[in-house]
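Worksheet: the structure to be examined is printed underneath.
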Amino acid sequence: MNTIGLVAFALVGSSKAIREEFDVFGIAIVGLAMAFVGGTTRDLLVTRVPLVLQSPIEIILGLLGVGLAITLSVVLESPDTHPVTLVADAIGLAAFATTGAIVATDAGVSAFGVVAIAMINAVGGGAFADILLDRAPFILFEDFYASCAVLGGAAYWLTGAVGASGSTAAVACAVVTVGTRLVAVTYDWHLPTVQRLELLRD
């Protein structure tokens, strides 16, 4: 799950940087930030050495995602909004939410901790990448995105709480996260803002 998430999120982050016309170094930095910041934050929260600092394989996988993004930008028009990138983003979100939930469970945190770390692992990198791109993290004001990771983390905990195996809980988390994300993209789901609620009142 971690491998899938690293490659997918490095691809998505790099595609965003390509759209903003960053140079090759900037593209790599944004891509790697999106791939690693969430997992690094997760590891710090459970007081362990970040995985990215333990193995060079992690960086190689991130750079693979960066290379794929550059390749797609050459052969595709608008690669950051192409279905390939959107599906990769949903898969990365699910993979990292599941990884976060597994690590949190192994660390013995509460139910809230499992859901929170699943979400942080899933969206932390994307939020930091948006800061590097000089814009507010999109998870705070648009799209049904972080909520998918919350639902996935909750599915992981609930599945485990009823006695299912860890692998079954992981599958439940991944399916719920990627499923809700793809449905949200298809039907343009958004959480309501206060302004929208006021319009409904009027």
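The values are calculated or read from the model by the stated rules, or taken from the named source; none is laboratory data. None of the values given here were measured: they were computed from a predicted structure. Every residue, glycine as well, gets a Cβ built from its backbone with ideal geometry; the counts of neighbours run over all protein chains shown. Surface accessibility is based on the protein's heavy atoms, side chains included, excluding ligands, DNA and RNA. Shrake-Rupley method; radii C 1.70, N 1.55, O 1.52, S 1.80 Å.
Across q = 0.15, 0.16, 0.27, 0.34 Å⁻¹, segment 1-41 modelled as identical point scatterers on its alpha-carbon atoms has Debye log10 I(q)/I(0) values of -0.30, -0.34, -0.81, -1.06, in the order of the q list. Computed over segment 26-137, the P(r) curve from all C-alpha pair distances, binned at 10 Å from the origin, holds 15, 43, 32, 10, 1 percent per bin. Charging the Cβ of each Asp and Glu at -1 and of each Lys and Arg at +1, and nothing else, the dipole of segment 44-202 about its Cα centre rounds to 420 debye. Helix by helix, which DSSP H runs in the chain go 24 Å or more along their axis at the Cα atoms and have an average Kyte-Doolittle hydropathy of -0.5 or more? In the chain, the long hydrophobic H runs are 2-19, 24-45, 56-75, 83-106, 111-132, 166-187. Nonpolar atom fraction for the chain, defined as the carbon and sulfur part of the 1.4 Å probe accessible area, stands at 69 percent.
What separates the Cα centres of segment 34-104 and segment 130-196 is a distance of 16 Å.
Springs between alpha-carbon atoms under 10 Å, Gaussian network over the chain: tell me which of Thr98, Thr81, Thr47 tops the mean-square fluctuations. Among Thr98, Thr81, Thr47, the largest mean-square fluctuation in the Gaussian network model of the chain belongs to Thr47. Say the dipole of the chain comes from +1 at the beta carbon of Lys and Arg and -1 at that of Asp and Glu; which of Gly163, Ile18, Thr177 then lies farthest toward its positive end? Toward the positive end, the furthest listed residue is Gly163.
Rolling a 1.4 Å probe over the protein heavy atoms gives the chain an accessible area of 49 Å² per residue.
Would you mind finding the longest exposed-site-free stretch of the chain, with exposed trypsin sites (Lys or Arg not before Pro) meaning DSSP loop and at most 13 other Cβ atoms within 10 Å?
For trypsin sites (Lys or Arg not before Pro) (loop position, at most 13 other Cβ atoms within 10 Å), the longest site-free span of the chain is 49-134.
Remark: spin-label model distance Tyr187-Ile57 equals 3.9 nm, labels positioned 7 Å along the Cα→Cβ axis. With only Cα atoms counted, the chain has Rg and Dmax values of 16.7, 57 Å.
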